[in-house]
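*Asks:* Structure incoming, see below.
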Protein chains: 2
Amino acid sequence: MTGQAAQLPRVSPHRPPETPRLRADAQHNRDRILAVARETFATLGLDVPMAAIARRAGVGVATLYRRFPTKEALVTEAFAEQIAACVAVVDDALADPDPWRGFCSVIEKVCDMHAVDKGFTAAFLSAFPDSTVFDHQRAHAELGFVKLAQRAKDAGHLRADFAQDDLVLLLMANAGIVTQSPEAALAASRRLVAYLLQSFRADHTGPPPPLPPTTPLGLQDVFYRPKP
Amino acid sequence: MTGQAAQLPRVSPHRPPETPRLRADAQHNRDRILAVARETFATLGLDVPMAAIARRAGVGVATLYRRFPTKEALVTEAFAEQIAACVAVVDDALADPDPWRGFCSVIEKVCDMHAVDKGFTAAFLSAFPDSTVFDHQRAHAELGFVKLAQRAKDAGHLRADFAQDDLVLLLMANAGIVTQSPEAALAASRRLVAYLLQSFRADHTGPPPPLPPTTPLGLQDVFYRPKP
DNA sequence: CGAAAACCGGACGGGTCTTTCCGGTTAGTG
DNA sequence: CACTAACCGGAAAGACCCGTCCGGTTTTCG
């Protein structure tokens, strides 16, 4: 290790660390691209072609690639704030004095986010397994959730045999809920989460809480098509 | 409706309904293709290229397409017997005198099948939504499951607010369990099913049954990569 | 205002996947 | 054993998709 420069992304030799400041129109286009990408990824998932995003944003493909050198970079940046929101959800829950409520709120909020946003689910579940951009935040959130689960267990609300991997299990199961309409996805996700939270609970005093309603839509709507 | 021939798949004008009888080598190749397709779809999912299946089967791409005019046709035929097995599972369960055990066995067996076979999951969840080949069998199985659920409710074992759509919910959730190793998928699926069955149960007498073990593998292994 | 730097978009290269085409080969029969 | 219909495999057509190149345009600043 002769110098730390080798470990950093290549930047201009000795000038402002990371902000060359874009021209006004370029900045405007960049913002537009990001907004469109977020919306498109949320609706159609991560598989939309880059050209589609460029077209919707009203720019050429080259402009898109000038700002985001690769599709992965675009995805990463598009979901950065959602990842941050997830971390915040965990931190908020840790601040809640009620361990069980905190535990539930994390699961409910994160699953809601995933149910509403197809692309976020894919991005979160490591659509790009080589990407290490979010590793730090994910580790932080995971650690927070471990604390949360332990507190809930100690308080006797969470069953003792709840495993850490069960969070991943739940997230993957929730990711399986893919429907045509976002409303149906949200309703289905809520119902699944309600079922699972009931199983996670250790102390069953009184009747179980009522379930969220089933999706008012037909069964067919629940089936999805991978290649629209 | 002048003639029923228009509704049937095109067959030779007035000869055995559907069996032009292949030449020996052709039949051999066809069987081989089907076997390879089943194994490959199970391991890698439905996204494997047709050329890969042809190569593994030791035939050319054209031979593959000569027997199965489209990829969908190959998938359909490859999973026909699994679909039939699913239907049989429901019928078996209806023969079980214990309503709750029958209800559980359907869910457990079907989820096991899906956990072990990536491609089956995708095919089952209408990867080809326009295909109507399995509609009849699916309808039969669904009807059987409705009966099963009703019996379990009447016996007081299944919660009254269990909805028909909850089966689809569970299947989709189970489809979300995608891992690198089949063993991990099976373990995770079993655990998810155990959690959900516990929530589905109405009468909680005594302690809940123990959960299947968590996957012995690390967390990373649970995360999957869509494009290997 | 005018010139340079930054920016723009369409066309293009390289890759993958499904499906088709065509000349050579083989199984089965009289 | 010879002939023909059925069969075979590789090459290629057509459709996408990611990422790059290049000639023209716009912003910005002295």
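*Asks:* Can you check how the C-alpha radius of gyration of chain A compares to 2.2 N^0.38 Å, as a plain ratio?
*Replies:* On the way: Rg = 20.7 Å, N = 228, 2.2 N^0.38 = 17.3 Å.
So chain A has a normalised radius of gyration of 1.20.
*Asks:* Another question, then. Where Lys and Arg each count +1 and Asp and Glu each count -1, what net charge lies around A:Ser105 among other residues with Cβ under 11 Å from its Cβ? Walk me through the numbers on the way to the answer.
*Replies:* Details: positive: A:Arg101, A:Lys109; negative: A:Asp92, A:Asp96, A:Asp98, A:Glu108, A:Asp112.
It works out to a net charge of -3.
*Asks:* Can I ask one more? If the limit is 22 Å between Cα atoms, which of A:Lys118/B:Lys71; A:Lys71/A:Lys118; A:Lys71/A:Lys109 go over it?
*Replies:* Values: A:Lys118/B:Lys71 26 Å; A:Lys71/A:Lys118 16 Å; A:Lys71/A:Lys109 27 Å.
Correct reply: A:Lys118/B:Lys71; A:Lys71/A:Lys109.
*Asks:* What is the dipole size for chain A, taken about its Cα centre, with +1 at each Lys and Arg Cβ and -1 at each Asp and Glu Cβ, in debye to the nearest 20? Display every interim value, and only then the final one.
*Replies:* On the way: 25 positive and 25 negative charges, 180 e Å.
Dipole magnitude for chain A comes out near 860 debye.
*Asks:* Could you tally the net charge around B:Pro49, taking each other residue with its Cβ under 12 Å from the Cβ of B:Pro49, Lys/Arg +1 and Asp/Glu -1? It would help to have the intermediate numbers written out before the result.
*Replies:* On the way: positive: B:Arg55, B:Arg56, B:Lys71; negative: B:Asp47.
Value of the local net charge: +2.
*Asks:* How much length, in nm to one decimal, is gained on full extension between B:Ala155 and B:Ala139, taken as 0.36 nm per residue of separation minus their Cα-Cα distance? List each step's numbers first, then the result.
*Replies:* Details: separation 16, 0.36 × 16 = 5.76 nm, distance 2.44 nm.
Taking 0.36 nm per residue and subtracting the Cα distance, the gain is 3.3 nm.
*Asks:* Nearest the rotation axis from A to B, which residue of chain A has its beta carbon, and at what whole-angstrom distance?
*Replies:* Here the nearest residue and distance are A:Gly176, 1.
*Asks:* Provide an ascending nm list, one decimal, of label-point separations from A:Ala24 to the equivalent residue in each further copy; define each label point as 7 Å from Cα along Cα→Cβ.
*Replies:* Label-point separations across copies, in nm and ascending: 8.3.
*Asks:* Now for a different question. Please give the FRET efficiency for A:Gln180 paired with A:Asp130, using the beta carbon to beta carbon distance and R0 = 51 Å, rounded to the nearest 0.05. Please report the intermediate quantities before stating the final value.
*Replies:* On the way: r = 31 Å, r/R0 = 0.61.
The pair A:Gln180/A:Asp130 has a calculated efficiency of 0.95.
*Asks:* If I stretch the segment between A:Arg101 and A:Ala84 completely, what's the gain in nm (0.36 nm per residue apart, minus their alpha carbon distance), one decimal? Each step should come with its number before you reach the end.
*Replies:* On the way: separation 17, 0.36 × 17 = 6.12 nm, distance 2.09 nm.
Length gained between A:Arg101 and A:Ala84: 4.0 nm.
*Asks:* In what sequence, largest accessible area first, do B:His204, A:His114, A:His28 appear using a 1.4 Å probe?
*Replies:* Working: B:His204 95, A:His114 5, A:His28 120 Å².
Listed by decreasing accessible area, they come as A:His28, B:His204, A:His114.
*Asks:* Starting from a label point 7 Å past Cα on the Cβ side, list the distances from B:Pro212 to the same position in the other copies, nm, shortest first.
*Replies:* Here the equivalent label points are 2.6 nm apart from this one.
*Asks:* Any idea what the relative contact order of chain A is, in percent, if you count C-alpha pairs under 8 Å spaced at least 6 apart? Before the final figure, lay out the partial values.
*Replies:* Values: 212 pairs, mean separation 40.9, N = 228.
Computed value for chain A: 18 percent relative contact order.
*Asks:* State, to one decimal in nm and shortest first, how far the label point of B:Thr70 sits from each corresponding label point in the other identical copies (label point: 7 angstrom along Cα-to-Cβ).
*Replies:* Distances to the matching label points in the other copies: 3.6 nm.
*Asks:* Using a cut-off of 11 Å between beta-carbons, work out the net charge of the residues near A:Ala155 (Lys and Arg +1, Asp and Glu -1, A:Ala155 not included).
*Replies:* Numbers: positive: A:Arg101, A:Arg151, A:Lys153; negative: A:Asp98, A:Asp154, A:Asp203.
Net charge in that neighbourhood comes out at 0.
*Asks:* Whole-Hz ³J(HN,Hα) for each residue in region B:51-65, computed from phi via Karplus 6.51 cos²θ - 1.76 cosθ + 1.60 with θ = phi - 60°, x for glycine and proline: what do you get?
*Replies:* 4, 5, 5, 4, 4, 4, 7, x, 10, x, 4, 4, 4, 4, 6
*Asks:* Within region B:144-167, find all residues whose amide N lies under 19 Å from a label point positioned 7 Å from the Cα of B:Thr205 along Cα-to-beta-carbon.
*Replies:* In region B:144-167, the label zone of B:Thr205 (backbone N under 19 Å from the point 7 Å along Cα→Cβ) covers B:151-160.
*Asks:* Just need the relative contact order of region B:23-69 here, percent rounded to a whole number, with Cα pairs under 8 Å and 6+ apart. Could you put the intermediate results ahead of the total?
*Replies:* Working: 26 pairs, mean separation 16.9, N = 47.
After rounding, I find 36 percent.
*Asks:* When the Karplus curve 6.51 cos²θ - 1.76 cosθ + 1.60 is applied with θ = phi - 60°, which whole-Hz ³J(HN,Hα) does each residue of region A:25-40 get, with x for Gly and Pro?
*Replies:* So the Karplus estimates, Gly and Pro as x, are 5, 4, 4, 4, 4, 4, 4, 4, 4, 4, 4, 4, 4, 4, 5, 5 Hz.
*Asks:* With a ≥ b ≥ c taken as the square roots of the eigenvalues of the C-alpha gyration tensor of region A:23-69, please select rounded if a/c is under 1.5 and otherwise prolate if a/b is larger than b/c or oblate if it is not? Mind showing how you got there, number by number?
*Replies:* Details: a/c = 2.21, a/b = 1.66, b/c = 1.33.
Verdict is prolate for region A:23-69.
The values are calculated or read from the model by the stated rules, or taken from the named source; none is laboratory data. Every value quoted in this text rests on a predicted model; they were computed, and no experiment measured them. In this analysis, Cβ positions are derived from the backbone assuming ideal geometry, glycine residues included, and neighbour counts consider all displayed protein chains. In case anyone asks, the SASA skips ligands and DNA or RNA and just uses the protein heavy atoms, side chains included. Shrake-Rupley method; radii C 1.70, N 1.55, O 1.52, S 1.80 Å.
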